[in-house]
1. If I ask for residues that are closer than 14 Å to S122 by Cα, charged (D, E, K, R) and within 13 Å of the chain's Cα centre (by Cα), which ones from the range 73-109 would you list?
2. Would you say A86 is over 16 Å from Y20 (Cβ atoms), modelled with pLDDT of 90 or more and among the aliphatic types (A, V, I, L, M)?
3. If the Cβ limit is 8 Å and pairs must be 6+ apart or interchain, which residue in the range 54-72 that is within 14 Å of A119 (Cα to Cα) and in contact (Cβ under 8 Å) with a residue 24 or more places away in the chain pairs with which residue that is crowded, with 16+ Cβ neighbours inside 10 Å and of a type in the set (D, E, K, R)?
4. Could you say whether any residue in the range 111-126 is aromatic (F, W, Y) and assigned to a loop (DSSP other than H, G, I, E, B)?
5. Which one of the conditions (1) crowded, with 16+ Cβ neighbours inside 10 Å; (2) under 15 Å from W107 (Cα atoms) does L24 fail to meet, given that it meets all the rest?
Amino acid sequence: MIALDDATVIAEVTAASDAYEAALAAGDVEALVDAFWRSESTLRFGDDEELEGWEAIARFRREAGATPVLRDTVSRRVNAYGDDLASVHLVSWYPGERRTGRQSQWWLRTDEGWRVAEAHVSWPLRSARELRTATEPHSTSGPRSPREEDIA
């Protein structure tokens, strides 16, 4: 039977996820490109793209440019499946766009370290009331829920 949620694996993948989020916030295209597994099996589905293979993902990131992504992480769940595979699921709040987003990633341990093997990003359409009550802040200085004045 496969070992689930090994603390060491969760810590390693959490650190890799933190680095990915920092690269997004900084608009560091090469760090974002490097975060993905260099394989034709790698997938990334987003708002307007269905990318298959590392080369397509790298080309997409490089063409999109280095625009920093401004968002607050509302919640993150990291699950480990054995020693070499983990999932990261994020819910984020985009203050400037007044919406939440979802990000699911499958991370794979490679010879180069942890890399994203599959990713999916989406922005669900939700009513303002649902958005207000979807999550609670984790701390006063950390992630927060959308406030009514943010979405009014």
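The values are calculated or read from the model by the stated rules, or taken from the named source; none is laboratory data. Every value quoted in this text rests on a predicted model; they were computed, and no experiment measured them. Glycine gets a Cβ as well: all are built from the backbone with ideal geometry, and neighbour counts include every protein chain shown.
1. Correct list: R102 only.
2. On the way: over 16 Å from Y20 (Cβ atoms): no; modelled with pLDDT of 90 or more: yes; among the aliphatic types (A, V, I, L, M): yes.
Criteria not met by A86.
3. Filtered contacts from the range 54-72: I57/R44.
4. Applying the first criterion (aromatic (F, W, Y)) to the range 111-126 yields 114, 123.
If we keep only those that are assigned to a loop (DSSP other than H, G, I, E, B) too, we end up with 123.
Yes - at least one qualifying residue is present in the range 111-126.
5. (2)
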